[in-house]
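What follows is calculated from the coordinates using simple rules that are stated; it is not laboratory data. Computed from a predicted model, the values in this text were never measured in an experiment. Note that we place each Cβ from the backbone using ideal geometry, even for glycine, and neighbour counts take in every protein chain shown.
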Amino acid sequence: MTAIENRINTYLEDTISAERNFEHALASFGEAGEQGKVQSMLSSFSAKAKTQHERLTQLLERRGGSPSTAKTILAQTLAFTPLSAQIGQGSSEKNTQHLMVTFAAAAAEMAMYESLAVAAMTAGDTEVASLARTLQSEEQDDYNQVWSILHESVRESFEAATASGSSPAELIRTYVQDAIAAENSFETQLNGFSKEGNDPAIQSLFAEHAVETKGQYEALTTCLEALGGSTSTFKSLLAHVFNFAPKIAQVGYDAEERMTQNLMMAFAVENAEVAMYECLAESCRLAGDAETESLVLRIQQQEKATAEKVWSRIAPKAEQSILELRSAA
């Protein structure tokens with residue numbers, strides 16, 4: 001087996017590990033909370049993830065490989081936070097948070113399959129590329145389904161929270177606190193990404209967005225203080241989820257692969273933020289807080305723009321990884 005064939009098999013192992021993790025996490029999400037529509041959707045996604053890692057395993061075995069029991073970097077990164085991070089959240093709010101996390105996970109998988117498909121096509125492996133595109137399409141469907149139900153879930157969560165005695169203003173303060181905690185965590189990770197690898201353009205992209213994220217954090221903090229709140233040292237659910245796996249999980253990967261992984265993780269984070277701000281904006285509308293809503297939507301547009309920039313770098317980097325391996329042969 002050639003070095004490139006081994007590389008593609010390693011990528012298949014990565015995706016299998018990630019899909020197994022997603023299957024279990026989504027199954028637990030399907031059993032939590034009280035929004036039946038959300039629970040049913042996430043349970044169906046879990047069943048789909050099972051068929052995905054089974055198809056990937058069959059392909060890997062036909063190629064002479066076998067799945068690894070070790071968790072890959074993406075599986076560790078998106079291992080999902082223990083539900084203890086949701087202590088203090090109402091049942092409906094948990095469902096909304098699970099949708100945000102699932103939206104980001106679907107984005108991560110779309111990026112993961114983009115990388116696999118491009119690497120396989122560059123290697124001339126059409127069978128792997130075809131399956132990767134099929135599974136990517138399935139993840140895009142999950143992504144779209146989550147977005148379509150997000151507003152409804154937010155409204156149910158907001159109404160349940162206010163019915164339980166929380167004031168609209170109190171809820172907005174809490175949600176802004178969560179966003180601040182998430183942005184603070186993301187800024188740290190982006191600064192770390194900007195110092196890794198050997199691609200100045202990608203490093204610059206991460207560094208520039210870290211600066212932008214710091215500005216978002218500061219604007220949200222000013223907003224929170226105007227609302228009568230203060231920042232908390234407690235990390236929000238999304239801050240926990242995307243606090244990223246230890247870099248030891250990337251041992252054995254070359255510089256190009258590590259940078260591709262960082263791009264995939266960053267794409268997941270940007271989409272987590274897009275979903276987070278969509279939920280916050282809807283809550284602001286329900287609370288009649290137009291000023292906070294305006295700020296949130298402005299930040300959301302920045303996250304969407306960065307997500308597009310990150311996406312545009314994934315395919316070229318995946319291609320480069322294979323081309324460099326070929327030139328070294």
From the residues Thr51, Met41, Gly192, which one has its Cα farthest along the dipole of region 3-328 in the positive direction, the dipole being from +1 and -1 charges on Cβ of Lys/Arg and Asp/Glu about the Cα centre? Thr51
How much length would be gained if the chain were fully extended between Thr126 and Glu31, taking 0.36 nm per residue of separation minus their Cα-Cα distance, in nm to one decimal? 30.4 nm
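For Ile149 and Thr51, FRET efficiency with R0 = 30 Å and r from the beta-carbon atoms, rounded to 0.05?
Working: r = 22 Å, r/R0 = 0.73.
It comes out at approximately 0.85.
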Compare the Cα positions of Ser137, Gly65, Ser321 along the charge dipole of the chain (+1 at Cβ of Lys, Arg; -1 at Cβ of Asp, Glu; about the Cα centre) and return the one farthest towards the positive end. Gly65
For a quick protection proxy, order the peptides 47-59, 181-193 by their average other-Cβ count within 10 Å, most packed first. 181-193, 47-59
Here the relative contact order (percent) of the chain, from C-alpha pairs under 8 Å and at least 6 apart, is 22
Given 10 °C, 1.306 mPa s and a Kirkwood radius over Cα pairs, the Stokes-Einstein diffusion coefficient of the chain in µm²/s is 79
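Filter Lys214/Lys309; Lys37/Lys94; Lys195/Lys309; Lys50/Lys304; Lys50/Lys317 down to the pairs with a C-alpha to C-alpha distance above 21 Å, please. Walk me through the numbers before you get to the answer.
On the way: Lys214/Lys309 18 Å; Lys37/Lys94 13 Å; Lys195/Lys309 18 Å; Lys50/Lys304 30 Å; Lys50/Lys317 28 Å.
Long pairs (Cα-Cα over 21 Å): Lys50/Lys304; Lys50/Lys317.
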Using the Cα centre of the chain as origin and beta-carbon charges of +1 (Lys, Arg) and -1 (Asp, Glu), tell me which of Ser157, Leu263, Ala123 is placed farthest towards the positive end of the dipole. Ala123
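Could you give the length gained on full extension between Leu323 and Met1, defined as 0.36 nm per residue of separation minus the Cα-Cα distance, in nm?
114.2 nm
Assign unit charges at the C-beta atoms only (+1 for Lys and Arg, -1 for Asp and Glu), then state the dipole size of the chain relative to its Cα centre in Debye, rounded to the nearest 20. Before the final figure, lay out each step's value.
Working: 25 positive and 45 negative charges, 116 e Å.
In total the dipole reaches around 560 debye.
Can you give the charge dipole size of region 115-170 about its Cα centre, rounded to the nearest 20 debye, using +1 on the beta carbon of Lys and Arg and -1 on the beta carbon of Asp and Glu? Walk me through the intermediate numbers first.
Values: 2 positive and 10 negative charges, 26 e Å.
With Lys and Arg at +1 and Asp and Glu at -1, about 120 debye.
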